[in-house]
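In what follows, a structure is listed as structure tokens, so that the remarks can point back to it.
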Amino acid sequence: MTEQSKSGRIRGNGRRRKQPAKGRRVVTVAAWTAAALVVVCGSGLGYVYFKLDGNLQGVDINAQLGTDRPKNVDNGSMDILVLGSDSRSGDNGAYGKDEGGARSDTAMVVHVYEGHKKASVVSIPRDTLIDRPACVDERGTRVPAAERAMFNTAYEVGGPACAVKTVESMSGIRMDHYIEVDFTGFKKLIDKLGGVEITTTEAIKDTKSHLDLAPGTHTLNGEQSLGLVRTRKSVGDGSDLGRIQLQQAFMKAFIDQVKDVGVLSNPKKLLDIADTATKAITPDSELDSVNELMGFAQGLAGLGADDVHMVTMPVEYDPADPNRVVPLEAQARQVWQALKSDKPIPASATKDTATGKAEGLVR
């Protein structure tokens, strides 16, 4: 990914930005997978700001996408595209061969309702066949449109801006922010937090993700957590939909764990977590400084697991290829229209859709 110059970036207009609230300085990062919200505390010391600012390298989505985007509806809500990349470069090479192009292994649209007391998260299966719009990548190269392309190829061929363009084309909703989370950074962040407690109702043993859990309660370290959110073949029907169900259950536990971590009384742990979190993410250029990230975070700090409703975009298995899924158009429109109107997603939108049959396996 090309690094963007902070001094030369172009700001978009009309975005729903809020000034940082006064009081306790809490940096909340909408993190990966079923990412979604990592709450870490930031220090007011100048050298800490300098250190954390240096970790953040943003990507200017606004400049790459231009004006051909859905209307910005200023109703007090906020929409964030969170991606977990499956790049195998660098430290991530331990999780598979680098074949020259990263894909969006996990994708979620996080909709924070007006007042920022509730949120809905819509997971988009990476194997969904969609009509991918034409876009421009970070080098300024035009990427042509494609029919029946897998959703995760948008990031592969055009990077973050093309992923955002594809989601906006599917949903009709303008994304206010983009946050990408890296495999290795995710693992390190879990370790800094002291692990995440989950309960499995059945044994999970997966040779590909190297996860081996007996039924019962476990405190997962970073490697185990990464294994859980990557597990697919050995749970439910072996599909990506089952993995999404594991991811969503894990993120519920993750959000609660973060809110209970108690770093305010431990300045060193506080700094270690903030340092690790800011290294783990690539945000859009409106969140690539500590002050900007802090203002964003303080608007989300009150959200707990019970305040977040998680669903998967309504899909069915593709009749022509059982290894792929296709959107259920009418029900998907219900989901996106609800978010666009800042309303709860109706139960009818996700009724009788394809699932990975892994619900309840982790809680």
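General remarks:
- Packing order of peptides 61-71, 156-166, highest average first: 156-166, 61-71 (average count of other Cβ atoms within 10 Å over each peptide's residues).
- Fraction of accessible area attributable to carbon and sulfur, region 257-363 (%, probe 1.4 Å): 49 percent
- Once the Cα-Cα distance is subtracted from the 0.36 nm per residue extended length, the Asn75 to Glu202 segment shows a gain of 41.4 nm.
- Spin-label model distance (nm) - Lys343 vs Arg142, 7 Å beyond Cα toward Cβ: 3.9 nm
- Burial order of peptide ranges 232-239, 272-279 (average beta-carbon count within 10 Å, highest first): 272-279, 232-239
- Note on His218: accessible area is roughly 40 Å² with a 1.4 Å probe, heavy atoms of protein only.
- For Lys269, the solvent-accessible surface computed with a 1.4 Å probe is close to 60 Å², ligands and nucleic acids excluded.
- Solvent-accessible heavy-atom area per residue, rounded to whole Å², over region 166-285 at 1.4 Å: 37 Å²
- Estimated distance in nm for a label pair at Lys268 and Ala134, the labels positioned 7 Å out from Cα along Cα-to-Cβ: 5.8 nm
The values are calculated or read from the model by the stated rules, or taken from the named source; none is laboratory data. Model, not experiment: these values are computed from the prediction. Neighbour counts are summed over all protein chains in view; Cβ atoms, including those assigned to glycine, are modelled from backbone coordinates with ideal geometry. Accessible surface areas use protein heavy atoms only, side chains included; no ligands, DNA or RNA. Shrake-Rupley method; radii C 1.70, N 1.55, O 1.52, S 1.80 Å.
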